[in-house]
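Here's the structure we're looking at; comments come further down.
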Amino acid sequence: MLVMIVAVTMIAAVIVKRMTEPLQSLSLAADKLGTDVQAPAIPETGPEEVRRTAHAFNMMQTRIRRFVEDRTQMLGAIAHDLATPLTRLRLRAEFLKDEDVRTKMLRDLDDMQHMVASTLSFIREDATSEPQASVDLGSLLARVCDDFTDSGAEVSLDEIPRWVLVDCRPIALRRALGNLIGNAIKYGHRAKVSLLIEPTKLGICIDDDGPGIPEARREDVFQPFHRLDQSRNFETGGTGLGLAVARTIVRAHGGDIHLSDRPNGGLRAELRLPRPHQEDPKSATKPAEKTKTNTKTDNYTNTTYGRQGMTDNQHPIQNGKSTRLPTGRNTEWKTL
């Protein structure tokens, strides 16, 4: 009797496992679809009902992917078609004798070209083919801050612990961070970047000393083409797409951006990202080593962040299994 009970229990366990494994795969795929429309199709295995559900899910994902690709191609064609008449208008405007009228027309044409390019860039964020990778967040933040300080901007970067890993599209995430830091510099003249580490999420805080944004209008600034500065001067107000692009990128990573007041004045933009479930045990336990910068102060912590050469002896991520990937002027570190 005992043998029969054990046998029935084992058979039942095998059957239940065979039925639940496809459902678990379907659940994980549904979660991933929200952040990666290019995710691979799930296996159509298991009982007939589960196979049919998996097949329907794969077909839905294919239709969504095709819709996004078709929309991107259409908008790319529109942008290409608009470029030709804009070029003709520019050539004709160059021959105008009235210098004042010519200057105004050329300025309007520059604005139109800038808006077309920005709009296309905003739409393409939904359809990017950049693969996801596990990267060290400290290295990525250092690269972004380095780019701004190279251009003369005042950006400070707090100490970042080693091996804070995040699954992301590195180029897209750098762009989102660049938009947020650039916005802080534009309206607050400086930016202070810090990292908040929580069990289930990572928060990147960008603080400035600007006038801030009224609470009732904070969500409005994330709307495409919405600007608090209503002027058409792109040097001051931009196109109103910077924050919209940043939020689109971050939400595609399963996170979000929130704006709040700083206690001492100014605005805080917090970029929140989900934290990977499997963390390296070294993460958040050892502080990053102090690194030398080209500014007057050598301290890596709470100082203006200067250009780093990203050499083996200087980079804070140097005592682990990492590889350097050439990305142009600097070297970016990507965790294997």
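The values are calculated or read from the model by the stated rules, or taken from the named source; none is laboratory data. Note that the structure is predicted; figures quoted are calculated from it, not measured. A quick note on method: Cβ atoms are made from the backbone with ideal geometry, for glycine too, and the neighbour counts reach across all protein chains shown.
Quick notes on this structure:
- Against the list (1) of a type outside the set (A, V, I, L, M, F, W, C); (2) surrounded by fewer than 15 Cβ atoms within 10 Å (Cβ to Cβ); (3) assigned to a helix (DSSP H, G or I), the condition residue 118 fails is (2).
- Assessment of segment 136-152 against the conditions (among the hydroxyl-bearing types (Ser, Thr, Tyr) and not assigned by TED's automatic domain parsing to the domain that holds residue 169) yields no matching residue.
- Single residue of 87, 45 found to be without any contact (Cβ under 8 Å) to a residue 60 or more places away in the chain and in contact with a helix residue (DSSP H, G or I) (Cβ under 6 Å, 6 or more places away or on another chain): 45
- Candidates 90, 102, 107 - the one that is basic (Lys, Arg), part of a helix (DSSP H, G or I), farther than 26 Å from residue 240 by Cβ and outside the structural domain of residue 252 (by TED's automatic domain parsing): 102
- Residue that is modelled with the lowest pLDDT, among those in segment 55-89 that are closer than 30 Å to residue 27 by Cβ and polar (S, T, N, Q): 72
- Condition check for residue 129: modelled with pLDDT under 75, within 29 Å of residue 74 (Cβ to Cβ) and part of a helix (DSSP H, G or I): no
- Picking from residues in segment 245-276 that are hydrophobic (A, V, I, L, M, F, W, C) and part of a strand (DSSP E or B), the one that is farthest from residue 219 (Cα to Cα) is 273.
- Qualifying residue in segment 197-206 (condition: in a helix (DSSP H, G or I), touching a helix residue (DSSP H, G or I) at 6+ places or on another chain (Cβ under 8 Å) and not small (Gly, Ala, Ser)): no
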